[in-house]
1. Which residues, counting only those in region 327-342, are away from the ligand (no atom under 16 Å from the Cβ) and open to solvent by 60 Å² or more (accessible area, probe 1.4 Å)?
2. Please determine, by comparing only the residues of region 21-66 that are part of a loop (DSSP other than H, G, I, E, B) and within 27 Å of residue 115 (Cβ to Cβ), which one is least open to solvent (accessible area, probe 1.4 Å).
3. Tell me the residue from 388, 381 that is under 24 Å from residue 207 (Cβ atoms) and under 19 Å from the mean Cα position of the chain (by Cα), please.
4. Select from region 401-449 the residues that are in a helix (DSSP H, G or I), of a type in the set (Asp, Glu) and under 19 Å from residue 127 (Cα atoms) and write down the one among them that is most open to solvent (accessible area, probe 1.4 Å).
5. Among 151, 142, 179, which is surrounded by 15 or more Cβ atoms within 10 Å (Cβ to Cβ), modelled with pLDDT under 90 and of a type in the set (Gly, Ala, Ser)?
6. Scan region 295-314 and give yes if some residue there is within 15 Å of residue 230 (Cα to Cα), over 30 Å from the mean Cα position of the chain (by Cα) and more than 16 Å from the ligand (Cβ to nearest atom), otherwise no.
7. Scan region 83-94 and give yes if some residue there is touching a helix residue (DSSP H, G or I) at 6+ places or on another chain (Cβ under 9 Å) and either closer than 30 Å to residue 398 by Cβ or polar (S, T, N, Q) (or both), otherwise no.
8. Given the conditions (1) under 35 Å from the mean Cα position of the chain (by Cα); (2) open to solvent by 80 Å² or more (accessible area, probe 1.4 Å); (3) modelled with pLDDT under 95, and given that residue 18 satisfies all but one, which numbered condition is not satisfied?
Amino acid sequence: MEHLHTTICALATPPGEGGIATVRVSGPDAYGIVGKIFAPVRQGKSVADAKGYTAMLGHYLLHGAEMDECVALFFRAPHSYTGEDVVEFSCHGGPWLLSRVLRLLLDHGAVPAQAGEFTKRAFLSGKMDLTQAEAVMDLISASGADASRAAMAAREGALSRKTQAVCADLTLLAAHMSAWVDYPDDEIEELTDTHLEETLSRCAGELRHLLSTFDTGKILREGIPTAIVGRPNVGKSTLMNLLAGYDRSIVTDIPGTTRDIVEETVRLPGGLVLNIADTAGLRTTDDPVEAIGVTRARGKLEQSSLVLAVLDGSAPLSDEDRELVLSLRERPAVAILNKSDLGQSGDEDWVRQQLTHCVTLSAREGTGLAELDTAVREALSLGAVDPSAPMLANERQRGCVRRACSAVEEALDAQRMGMTMDAVNICIDEALEALLELDGRQVTDAVVDEVFANFCVGK
Ligand code: GDP
């Protein structure tokens, strides 16, 4: 852990001009280095004496001359994000100025931080486990309320608490079995088959449940791949624009104007994020350009997890509309009877008989969106999802839990087939290994590097 002896620095805010930018310095020599480049305004103040959780106004020193003013925030190890001594400068966010400040820090012994190195240090110094560190990144990239709630729960350790409870159960079993195998003459109570089987089944159940959260977590984090379909002129673009909050696709009265696929990430009132592909009307056409659009639209439709079928609710349904509705009966879909401001044609009952999830709204007036949110949640069975429940957030975590789960299932099989305690114990050890890798208690450097390589510099 050679690098833990270095002091790192980086810009923690996005590059470019800004009112304020933050430069972070972390490591054993953070105060020493900062002391050489920062002059407090107040007489008698010094960086070396600065207490943790305090702020100080001052200037940077360039060749001994005072440069721009800034505020330094001090954190003393171990009470900082990284667990090391940390100083954070809030300075004016000018790119030239910031490059000077970073240069000064580097000239005085700091080294540039690698991607995710602040959080990596927090992990290495035991401030957080690996799943919590991963949640930091998810929190930064969260695009909706549910996504950020899920990331916050993981940041607070919801996932590791769950897996650690399983670990504790398995460890107890393993310890008991080893003791019994190793010291058969001692008076160690034999594990009853029932107890062993009950514990293993419970652990397998918990792990299987965790695995099942992956898809939901992905939906909350990345949004729902959604296709919006319907005849030309039913109001698809108008609805997209309403959801997106600004004019993205061209709204016209000429059928077939939306020739290509417009993709947009929108948020429903309840916080669900939809990645919507607005498609050219799914219709037969002689126009070659439009035909390409139609082919792509069909592809998008196949890939999506949710279909929003827009219909003009104020006019009688066409054969095409009916065909569309019937084609969606087997998949998660919501029928949207648009243009409710113009009245109802009377076909609503037929649509409701075909599709469980159907809402009436007016894209022009912006009414009915809350009902749309509810219908989408129901169509995807997201109604009962608690975003703060333990959830798997990425493939790495899923891989670990999957390994642990199969190992526990193997242990169960071995036990049921009457194999030796040793055989059962080997499987349990394998499960434990996977779970310890999940939260990083026992993990290779390669895995750790991989996790933090996806971070941004400064985090
Ligand atoms: P698209 O071809 O399905 O994308 O339909 P557009 O969004 O381009 O809308 C076609 C026409 O219907 C436009 O003139 C819209 O202003 C109009 N329109 C869309 N939604 C509504 C609505 O809820 N009420 C009414 N009265 N008109 C609407």
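The values are calculated or read from the model by the stated rules, or taken from the named source; none is laboratory data. This one's a predicted model, so the numbers in the text were calculated from it and none came from an experiment. Neighbour counts are summed over all protein chains in view; Cβ atoms, including those assigned to glycine, are modelled from backbone coordinates with ideal geometry. We work out accessible area using only protein heavy atoms, side chains counted, and drop any ligands, DNA or RNA first. Shrake-Rupley method; radii C 1.70, N 1.55, O 1.52, S 1.80 Å.
1. Listed by number, the residues that qualify are 327, 329, 330, 331.
2. Here the answer is 27.
3. 388
4. Residue satisfying both the conditions and the ranking: 445.
5. 142
6. Yes, there is a match, as at least one residue in region 295-314 is within 15 Å of residue 230 (Cα to Cα), over 30 Å from the mean Cα position of the chain (by Cα) and more than 16 Å from the ligand (Cβ to nearest atom).
7. Yes: one or more hits.
8. Of everything listed in (1) under 35 Å from the mean Cα position of the chain (by Cα); (2) open to solvent by 80 Å² or more (accessible area, probe 1.4 Å); (3) modelled with pLDDT under 95, residue 18 misses just condition (2).
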